[in-house]
Amino acid sequence: MKPPAREEGPQARWIARAWERLLDCAHGAGDLATVPLDGLGPEQQRLFATYRDFLAPSPDGLRVVAHLGQSLDGRIATERGHSTFITGREDFVHMHRLRALADAVLVGAGTVAYDDPLLTVRLVPGPSPLRVVFDPDRRLAADRRLFRDPEPPTLLLCRADRQDCARLGTAEVLGLPAQGGVLEPRTVLAALRARGIRRLFVEGGGMTVSRFLAAGCLDALHLCVAPLIIGSGRAALVLPAIGRMEEALRLAPEVIRLGEDWLFYCRLRRRTLPARQAQEIEMADARPPKPGLDRAQPLLLP
Ligand SMILES: NC(=O)c1ccc[n+]([C@@H]2O[C@H](COP(=O)([O-])OP(=O)(O)OC[C@H]3O[C@@H](n4cnc5c(N)ncnc54)[C@H](OP(=O)(O)O)[C@@H]3O)[C@@H](O)[C@H]2O)c1
């Protein structure tokens, strides 16, 4: 993938101005209503509206969005875990913007094992968020870059019964209650909110995003589809099996052109967390996992 080309001309100035205001809304005292989207082209307007959604207030003070870059046949990596690069530079800029707006970026153990990512913001102006690694069984070794790089901080989440130390390299290790060996996404969200995280970006991989989706823990899913057929490899989304098409999650996405790729922006209805006071109870009293996706839960916006 070539490095992102610098946008030039009046459109680039509008983008820079809108981006600066969004950053001020995310990390300063900016007012979302004053973010200037008028000068942007139609695709950029729709893209920037997704950032505005991410910054909008929510009943429980949290926003959670996930992103996957997939091929036409729904793969995010080869069988051997190679995934650079499926989508193009515009999607990478988009992901870096989501990182910069977030308080924390979370990835699963598989992604850290295969990609050894840094998860910092490099392609756009903006701060790098807290890095969160979801490794319930503590199968990652300390040689990963996230555990050697001191800034920004890294938090490793695992099952409480697997926490055998307070730190892994430069990362803090935090054990969380698991039921039946499963660390539920809602428990993760409650723990992160208790640490002051308001906006979480779930950056992959497929298994982690699928678990957050199945648990009703996403406000939005950004699925970027590249015109590419891999034909085998790791799946983007895998949810519990259904018997009939009526049970499928039918979406009404916003479709946004991102260079050669198509971004499907799907707004979802997240199951919000209980009020802050009830948080400790919720974490101590985590319910056993449901056998499959609870499809009675209204996951989608009408
Ligand atoms: N194209 C993209 O957008 C994109 C983005 C990120 C990564 N990737 C690629 O995706 C691949 C990795 O994805 P992946 O789906 O295989 O793995 P992943 O989602 O990164 O991590 C999955 C692992 O995390 C743990 N885990 C996640 N959620 C859990 C839960 N709720 N409860 C218990 N454990 C949980 C499990 O570890 P245990 O096995 O220890 O239980 C599981 O094996 C890599 O090849 C990477 O390159 C692609």
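The numbers here are math on the coordinates, done by the rules we state, and not lab data. All values derive from a computational prediction rather than experimental measurement. Positions of Cβ are backbone-derived with ideal geometry, glycine not excepted, and every protein chain shown enters the neighbour counts.
From zero up to wherever the largest Cα-Cα distance of segment 42-113 sits, split into 5 Å bins and tell me the percent of pairs in each.
Over segment 42-113, the share of Cα pairs per 5 Å bin runs 3, 12, 21, 23, 19, 13, 7, 2, 0 percent.
Taking 0.36 nm per residue of separation and subtracting the Cα-Cα distance, what length does fully extending Arg145 through Arg167 add?
Values: separation 22, 0.36 × 22 = 7.92 nm, distance 1.44 nm.
Going from the current span to full extension adds 6.5 nm.
Could you give the radius of gyration (one decimal) and Dmax (whole number) of the Cα atoms in segment 116-206, in Å?
Using the Cα atoms of segment 116-206, the pair Rg, Dmax is 13.2, 43 Å.
Could you work out the equivalent-ellipsoid semi-axes for segment 1-93, taking the square root of 5 times each eigenvalue of the Cα gyration tensor, largest first, in whole Å? Provide the component values of the computation, followed by the final result.
On the way: eigenvalues 157, 79, 24 Å².
That gives 28, 20, 11 Å for the three semi-axes.
Just from its helices, what would the mean residue ellipticity at 222 nm be for the chain, if runs of 4 or more DSSP H residues each count -39500 (n - 2.57) and the sum is divided by every residue, rounded to the nearest 500 deg cm²/dmol? Intermediate results must be reported in sequence, preceding the final value.
Numbers: 7 runs with 78 residues, N = 302.
The helix-only estimate for the chain comes to -8000 deg cm²/dmol at 222 nm.
Order by neighbour count: Asp137, Asp91, Asp219, Asp24, fewest other Cβ atoms within 10 Å first, most last.
Ordered by Cβ neighbours within 10 Å, fewest first: Asp137, Asp24, Asp219, Asp91.
Report the Cα-based extents of the chain along its three principal axes, largest first, to the nearest Å.
Taking max minus min along each principal axis of the Cα atoms, the chain gives 56, 45, 39 Å.
Place +1 on the Cβ of every Lys and Arg and -1 on the Cβ of every Asp and Glu in the chain, take the dipole about the Cα centre, and give the residue among Tyr265, Thr170, Pro125 whose Cα lies farthest towards its positive end.
Going by the charge dipole, the pick is Thr170.
Could you grab the relative contact order for segment 122-204? Cα pairs under 8 Å, six or more apart, rounded to a whole percent. Working shown, then result.
Values: 106 pairs, mean separation 19.1, N = 83.
In percent, rounded to a whole number, it is 23.
Please give the length that would be gained between Asp24 and Tyr114 if that part of the chain were fully extended, namely 0.36 nm times their separation in residues minus their C-alpha to C-alpha distance (nm, one decimal). Don't skip to the answer; put the middle values down first.
Values: separation 90, 0.36 × 90 = 32.40 nm, distance 3.42 nm.
Length difference between fully extended and current span is 29.0 nm.
Give me the distance between the Cα centres of segment 167-203 and segment 123-165, rounded to whole Å.
Using only Cα atoms to place each centre, the spacing works out to 10 Å.
Exposure proxy check: Tyr114, Tyr51 ranked by fewest other beta carbons within 10 Å? Don't jump to the answer; show the numbers that get you there.
Values: Tyr114 16, Tyr51 24.
So the residues, fewest neighbours to most, are Tyr114, Tyr51.
Karplus couplings for segment 122-135 from phi (6.51 cos²θ - 1.76 cosθ + 1.60, θ = phi - 60°), rounded to Hz, Gly and Pro as x?
So the Karplus estimates, Gly and Pro as x, are 10, 8, 9, x, x, x, 8, x, 4, 9, 10, 10, 9, 10 Hz.
For Ala241 and Phe85, compute 0.36 nm times the residue count separating them, minus their Cα-Cα distance, and round to one decimal in nm.
Extending this stretch completely gives an extra 53.2 nm.
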